[in-house]
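Below: one structure, written as structure tokens.
The values are calculated or read from the model by the stated rules, or taken from the named source; none is laboratory data. Not measured: the values here are computed from a predicted model. All Cβ positions, even for glycine, are placed from backbone atoms using ideal geometry, and neighbour counts span all protein chains on display.
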Amino acid sequence: MKKFNTMTSIAAMAAAGALALLGCSSPDKEQSAQPSQSQTAAESPSGESHAHAADGGQPPEGIKKAADPKYAMGENVVLTADHMEGMAGAKATISGAFDTTTYSVSYTPTDGSDAVTDHKWVVQEELENPGKPPLKDGTEVVVNADHMPGMTGARATIDSSTDETVYMVDVDMGDMTMTNHKWVTESEIQHAK
């Protein structure tokens, strides 16, 4: 009987130890690799992973509505942009049109994830104290946009810029639906047929 109790005690201690070690594992690593319920993940054609918020929210403070946009609010369009997998050819609806300077940036996320190159797009109003637009390619800036995890407060470099009208869109890309997705430039949109 004593031998049985000793074996039972050893087994119980081993199980308790295993549970304790399991409880010490960090769920953050597993969770950070997965988008939250309020985010949508996709890959760009370059293979970069993009975890965008399913709802892009309101336009940034201070941005001006476009005076004469080519595509009107509520208009159904087709996207030609390939920022994320499934975007090119996706049907979308215009949810906002703005006149501003729009930038492609490369940045190091504040959450420790891999560097992002040529992220399209952030607008002048999403940069911290940016100075007068357009900023020159190579200018270092701080991003205050929250399109993706780790973007807010990230140090970035301007890769390119455009002053064409920029749009927010509601887009359905099969497995993923986003409202007020920021941003798509006028040259990345076509009229729906």
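Observations on the model:
- Selected residue (only one of Glu128, Glu188 is closer than 30 Å to Glu75 by Cα and at pLDDT 95 or above): Glu188
- Looking only at the stretch 133-152, and only at residues there that are under 20 Å from His181 (Cα atoms) and not aliphatic (A, V, I, L, M), the one that is farthest from the chain's Cα centre (by Cα): Asn144
- Test: residue in the stretch 162-176 that is part of a strand (DSSP E or B), surrounded by fewer than 21 Cβ atoms within 10 Å (Cβ to Cβ) and modelled with pLDDT of 95 or more: yes
- Selection from the stretch 111-154 of residues that are exposed (fewer than 15 other Cβ atoms within 10 Å of the Cβ) and among the hydroxyl-bearing types (Ser, Thr, Tyr): Thr117
- Considering Val122, Val141, Val78, Val105, the condition of being assigned to a strand (DSSP E or B), in contact (Cβ under 8 Å) with a residue 24 or more places away in the chain and within 30 Å of Lys193 (Cβ to Cβ) is satisfied by Val78 alone.
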